[in-house]
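Worksheet for the structure shown next.
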Amino acid sequence: MSRRKMLVQRVLPVVVSLGVLAFLFQSVDFDRVVSALNWQVVGYLVPALLVYGVFTLVLEAASITMLMTPKPEDFGLWTAARIKCASYLIGIVNFALGAGALTILLRRRASLNLAQSASVVITITSVDLMILMMMAAGGALSGAGPTGMNAGLFVMLVIAFVVGMVVLRMPANLGPIERLRSLTIFQALRTTPLPLLGQLAVLRLLFTSSFIALGGAAFAGFDIAVPLSDLTVGMVFVGVVSALPIAIAGLGTGQVAVVAVFGHLADRETLLALSLVLTAGMLALRAGMGLVMAREYTREALEESRATEA
């Protein structure tokens, strides 16, 4: 990888986050943003963040180990959880870097080759996207979520995912695309038994639902009443936008999404304060989990990434 490309990957998220935040703060009353903050928010959000951190980490570890067939020796839930924590810390810069770190650590700690470890990460991410698209499609069809949200687009994406899964898992030789679908990075999607994929989908649904519940705690802390349908679709939308690898942990882009999606429920200043507190809480949670549980794994992933880039 060229130094210029590396520089762009590391600097672009910072520039985007600062630029978007600067634009947002020009259009709001800063004093009202500050006055929207109160200790009640802490009382709601801190316990919710702690529960969310523990619960989702268990789900993440279970998701990873579920796809390990056969199970590697000395690789259990605790190791999977620590590896995931290391990826959280690196993923603060952006989601893609965190996924790359998880792939590297799985290769080294679970004795997989790079394609096999990437296959595990791709499978979990694919199921997550499928669930998000289904929730977004259902919400858009019911009239919840952002104004003008295209339900047809999300329905087509869900159908495309299902068709892709069918093509990947077909026993017949598919001629020209056989070489593509037989790539090792699709191994877990191609070979994992359907009942096991169903169990994985349940875990990932619980994962997404916990993020929505965390958003609900934030709204409660700011005394904003939000219908469950709007909360569900809105938080799904915010989660997708925040995961885009163009900003630091969704800082800036996440704030724009919250203001755009929930603008009918509260003023811009209150929503901006809410989104900033929620993002700051998530950053602190992820950084703390990485530093406490996986410092050596984080160092290992960074060293491996630098060696690969060199």
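A few notes on this one:
- Residue in the stretch 237-252 that is assigned to a loop (DSSP other than H, G, I, E, B), closer than 24 Å to Pro47 by Cα and either open to solvent by 40 Å² or more (accessible area, probe 1.4 Å) or touching a His at 6+ places or on another chain (Cβ under 9 Å) (or both) present: yes
Condition check ((1) over 21 Å from Leu97 (Cα atoms); (2) surrounded by 15 or more Cβ atoms within 10 Å (Cβ to Cβ)) across all residues:
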position: Val33; (1), (2): yes, yes
position: Gly43; (1), (2): yes, no
position: Glu73; (1), (2): yes, no
position: Thr79; (1), (2): no, yes
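- The condition of being modelled with pLDDT under 85 and open to solvent by less than 20 Å² (accessible area, probe 1.4 Å) holds for only one of Thr298, Thr208, Thr308, that being Thr298.
- Leu194 vs. criteria open to solvent by 50 Å² or more (accessible area, probe 1.4 Å), under 28 Å from Ala280 (Cα atoms) and at pLDDT 80 or above: no
- Within the stretch 52-91, the set of residues being under 23 Å from Ser275 (Cα atoms) and without any contact (Cβ under 8 Å) to a residue 60 or more places away in the chain comprises just one member, Val54.
- Residue within the stretch 123-131 that is surrounded by 15 or more Cβ atoms within 10 Å (Cβ to Cβ), at pLDDT below 85 and touching a helix residue (DSSP H, G or I) at 6+ places or on another chain (Cβ under 8 Å) present: no
- Selection status of Arg107, surrounded by fewer than 18 Cβ atoms within 10 Å (Cβ to Cβ), in contact with an Asp or Glu (Cβ under 9 Å, 6 or more places away or on another chain), of a type in the set (D, E, K, R) and modelled with pLDDT of 85 or more: no
- Pair list, Cβ under 8 Å, 6 or more apart: the stretch 246-266 residue modelled with pLDDT under 85, other residue open to solvent by less than 40 Å² (accessible area, probe 1.4 Å) and basic (Lys, Arg): Ala249/Arg286
- Qualifying residue in the stretch 281-288 (condition: under 24 Å from Ile122 (Cβ atoms), open to solvent by less than 60 Å² (accessible area, probe 1.4 Å) and in a helix (DSSP H, G or I)): yes
- Filter result for Ala201 (small (Gly, Ala, Ser), in a helix (DSSP H, G or I), open to solvent by 40 Å² or more (accessible area, probe 1.4 Å) and out of contact with any Cys (no Cβ under 9 Å at 6 or more places or on another chain)): no
The values are calculated or read from the model by the stated rules, or taken from the named source; none is laboratory data. Nothing here was measured: the structure is a model prediction, and the numbers come from that model. With ideal geometry, Cβ positions are generated from the backbone for all residues, glycine too; neighbour counts draw on all protein chains shown. Keep in mind that these areas ignore ligands, DNA and RNA; they rest on the heavy atoms of the full protein, side chains included. Shrake-Rupley method; radii C 1.70, N 1.55, O 1.52, S 1.80 Å.
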